[in-house]
Amino acid sequence: MTSSLFSLSGGSPAPVTLTLTRPGRAQASTLRRVAAVVTRVLKMDSGAMVRLVSRGEDATDLLIATPLGCVVAQRIHATVSEDGAVISADPLPALLGNAASADEGADGASIGLSGRMDMLWAGTPPPASGWSLVDTIPGADVREVFGQLQAEATEHSGPAGLPPSLLDQPLLRLTSKGQTGIIEVPGSVVAAMGSLGLVKEPPAQLADHDLIRVSVTGSWIRIDAIFGTAYLPRPGGLARIPSPR
């Protein structure tokens, strides 16, 4: 059944909608976490965009463009009316928060979103398959690197923020027998994953799953953590991500 439409556009149906495939209260913690991630990105870039990509029959990835050289993915149980639609991130925190706390007894609630802006997102989204695993590392190791980055930032940042040299230098280097060369993850992406909460310390019941998986295709690098995924273009590949607006 289709329930109420949450929208900031005066109640009129929006051209793009997300239809929850689980009740809002049943996935409230996820919806609120995604809303918090989007809020943090908007503090970095008030013009941030989100691309909505279907994943299977009952899930959608929200690909959130960041100004730190990567796209961050958050998955919710919902279907999107227009696969691949690009929207403004600005209304999402309020809309997701409303959906999480709504009195819905069944799935089918719809979240109305802003108009499409597909032309502002160059390139195609990361693929759903075709990834080769490079390495798996403990989440604590990435948190340690992020902590060191924060300490360096406190010591060396100026009025304009973090020095570009700190963000551009590779902070993670990984190799795999099945891959040629070294896969490098720059400080900007470590900063994004740390500041957005993707690699925060999990509760005790999830401690055994506190691992970071790094995978690649010919054009993309993918970093999976418990609380989300970061995608960045692989040097020499064809992947493109939006620039800050």
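Rundown of residues vs (1) at pLDDT below 95; (2) part of a loop (DSSP other than H, G, I, E, B); (3) loosely packed, with under 12 Cβ neighbours inside 10 Å; (4) over 19 Å from the mean Cα position of the chain (by Cα), yes/no style:
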{"position": "G112", "(1), (2), (3), (4)": "yes, no, no, yes"}
{"position": "G123", "(1), (2), (3), (4)": "yes, yes, no, no"}
{"position": "D141", "(1), (2), (3), (4)": "no, no, no, yes"}
{"position": "E144", "(1), (2), (3), (4)": "no, no, yes, yes"}
{"position": "Q148", "(1), (2), (3), (4)": "yes, no, no, yes"}
{"position": "T154", "(1), (2), (3), (4)": "yes, no, yes, yes"}
{"position": "S165", "(1), (2), (3), (4)": "yes, no, yes, yes"}
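Do the conditions hold for T30, that is, is it in contact with a His (Cβ under 8 Å, 6 or more places away or on another chain) and either assigned to a helix (DSSP H, G or I) or surrounded by fewer than 20 Cβ atoms within 10 Å (Cβ to Cβ) (or both)? Answer is yes for this residue.
Considering (1) surrounded by 22 or more Cβ atoms within 10 Å (Cβ to Cβ); (2) at pLDDT below 95, the lone condition that C70 does not fulfil carries the number (2). Among the residues examined, G47 qualifies as part of a loop (DSSP other than H, G, I, E, B) and in contact (Cβ under 8 Å) with a residue 60 or more places away in the chain. In the condition set (1) among the basic types (K, R); (2) more than 16 Å from V71 (Cα to Cα); (3) crowded, with 19+ Cβ neighbours inside 10 Å, R173 is compliant with all but (3). Each residue in region 61-105 was checked for being among the small types (G, A, S), closer than 17 Å to A36 by Cα and part of a strand (DSSP E or B), and 3 pass. Here is the figure for region 120-148: residues that are of a type in the set (S, T, N, Q) and under 28 Å from G47 (Cα atoms) total 1.
The values are calculated or read from the model by the stated rules, or taken from the named source; none is laboratory data. As the structure is a prediction and not an experimental result, all values here were calculated from the model. Every residue, glycine as well, gets a Cβ built from its backbone with ideal geometry; the counts of neighbours run over all protein chains shown.
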